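Everything below concerns the one structure shown next.
The values are calculated or read from the model by the stated rules, or taken from the named source; none is laboratory data. Small disclaimer: the values here were computed from a predicted structure and weren't measured. Here the Cβ is made from the backbone with ideal geometry for all residues, glycine too, and neighbour counts use every protein chain on show. Heads up: the accessible areas ignore ligands, DNA and RNA and are worked out on the full protein's heavy atoms, side chains in. Shrake-Rupley method; radii C 1.70, N 1.55, O 1.52, S 1.80 Å.
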Amino acid sequence: MADETTLPAPPVSQPVLHTAPAAIWSLVLAILSFTCGWLFTAIPAVICGHVARSKIRKSGGALGGMGIATAGLILGYIALVLGVMGIPLLVSMIQSDRERLHRLSTERKEIASDNGKLKVTVPGTWTKLPELNKFATANLSSGGQATLQVGDKSKEMYLIVITDAKADVADLTLEKHHDMTRDRTWQKMKNVSATAPIPLTIDGHPALHDELSGTQNGTNVVFLHTTVDDGDHFQQILAWTLKRRCQKQNQLLREITRTFRSEK
């Protein structure tokens with residue numbers, strides 16, 4: 001009998017394992033929790049890790065990714081622990097920042113012009129803002145340079161002082177100078193309304209004060225317009241803010257205006 005040839009057994013196809021999507025999500029979310037997600041991604045990472053491991057065990061070998069799910073689960077728990085430990089620190093930082101802002105808003109400091117002759121007392125959050133000169137030249141009642149420029153950008157409150165030597169504006173009284181600068185500011189605005197000027201005494205000098213409300217460059221603003229006659233100069237004090245903020249900030253701007261001092 002001829003030798004019989006033994007044929008090799010046909011190859012047995014191996015089932016293709018599919019990685020459980022929840023396992024991938026668990027790892028991705030866990031990694032994100034260490035960069036930008038914090039607890040917002042750490043908690044879903046842990047949930048996805050547990051779901052993935054459960055589905056893989058119940059799949060009878062049809063699903064893979066147990067290692068990925070385990071890694072996501074471990075990293076997610078680590079991120080959770082670190083996140084919970086960081087909550088008191090975060091609360092403390094927020095509390096400290098709030099206390100600092102409150103302290104600055106209640107504290108008062110004096111800001112002087114570059115030559116030291118003009119001064120106003122403002123909240124601690126206010127700073128010098130030299131860039132207001134550009135705004136004053138383009139939009140306010142005098143083409144001259146502001147000698148003092150201060151403000152709080154975060155609350156959109158500003159104040160400038162424009163000085164006119166009496167020798168340069170001969171024969172002008174306090175009333176005429178105040179009316180002239182008010183009218184110039186008026187002309188730069190639309191839909192303007194104004195209060196009647198009222199007399200004040202600021203730094204021991206006679207002064208006049210009124211308020212203008214209207215639209216400037218498409219923005220609704222309120223100007224507190226004050227003129228002080230300090231003997232040698234007319235000091236024009238302009239404080240302003242947005243109209244929607246005026247109800248809260250008007251009194252503060254009035255108080256700052258009244259702290260104005262000029263020295264010879």
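Which net charge results for the neighbourhood of residue 172, defined as the other residues with beta-carbon distances under 12 angstrom from its beta-carbon, given Lys and Arg at +1 and Asp and Glu at -1? Walk me through the intermediate numbers first.
Values: positive: 166, 176; negative: 164, 168, 171, 175, 179, 229.
Cβ neighbours under 12 Å give a net charge of -4.
Heavy-atom accessible area per residue, the chain, 1.4 Å probe: how many Å²?
Values: 15340 Å² over 264 residues.
Here the residues of the chain average 58 Å² of exposed surface.
Of the accessible area of the chain, with the probe set at 1.4 angstrom, what percent is carbon plus sulfur?
On the way: 9120 of 15340 Å².
Of the solvent-accessible surface of the chain, carbon and sulfur hold 59 percent.
To one decimal place, what orientation-averaged projected area in nm² is obtained for the convex hull of the Cα set of the range 126-264? If you can, show how the numbers build up before the last one.
Numbers: hull surface 31.4 nm².
Over all viewing directions, the range 126-264 projects a mean Cα-hull area of 7.9 nm².
For the chain, count the residues as N, evaluate 2.2 N^0.38 Å, and divide the Cα radius of gyration by that value, please. Spell out each step's value before the answer.
Details: Rg = 35.6 Å, N = 264, 2.2 N^0.38 = 18.3 Å.
With N residues counted in the chain, Rg over 2.2 N^0.38 Å equals 1.94.
For residue 75, the solvent-accessible surface with a 1.4 Å probe is about 60 Å², rounded to the nearest 10. Counted by Cβ distance under 10 Å from residue 20, the other residues give a net charge of +2, where Lys and Arg count +1 and Asp and Glu count -1. Fully extending the segment from residue 195 to residue 131 would add 20.2 nm, taking 0.36 nm per residue of separation and subtracting the current Cα-Cα distance.
Relative intensity of the range 65-104 on a log10 scale, I(q)/I(0) at q = 0.15, 0.20 Å⁻¹, equals -0.52, -0.65, per a Debye sum over C-alpha point scatterers of equal strength in the absence of solvent. Take residue 34: with every protein chain present and a 1.4 Å probe, its accessible area is about 100 Å². The residues 155, 166, 243, sorted by heavy-atom accessible surface at 1.4 Å with ligands and nucleic acids left out, run 243, 155, 166 from largest to smallest. Other residues with beta-carbon under 11 Å from the beta-carbon of residue 129 carry, at +1 per Lys or Arg and -1 per Asp or Glu, a net charge of +1. Quick one: how many Å² of residue 38 are accessible to a 1.4 Å probe, rounded to 10? Roll a 1.4 Å probe over it and residue 38 shows about 90 Å².
Considering helices alone, the calculated mean residue ellipticity of the chain at 222 nm is -14500 deg cm²/dmol, with DSSP H runs of length four and up weighted by -39500 (n - 2.57) and normalised per residue.
Note down the magnitude of the dipole of the chain about its Cα centre, charges +1 on Lys and Arg C-beta and -1 on Asp and Glu C-beta and zero elsewhere, to the nearest 20 debye.
Working: 29 positive and 24 negative charges, 151 e Å.
Using only the charged Cβ atoms, the result is roughly 720 debye.
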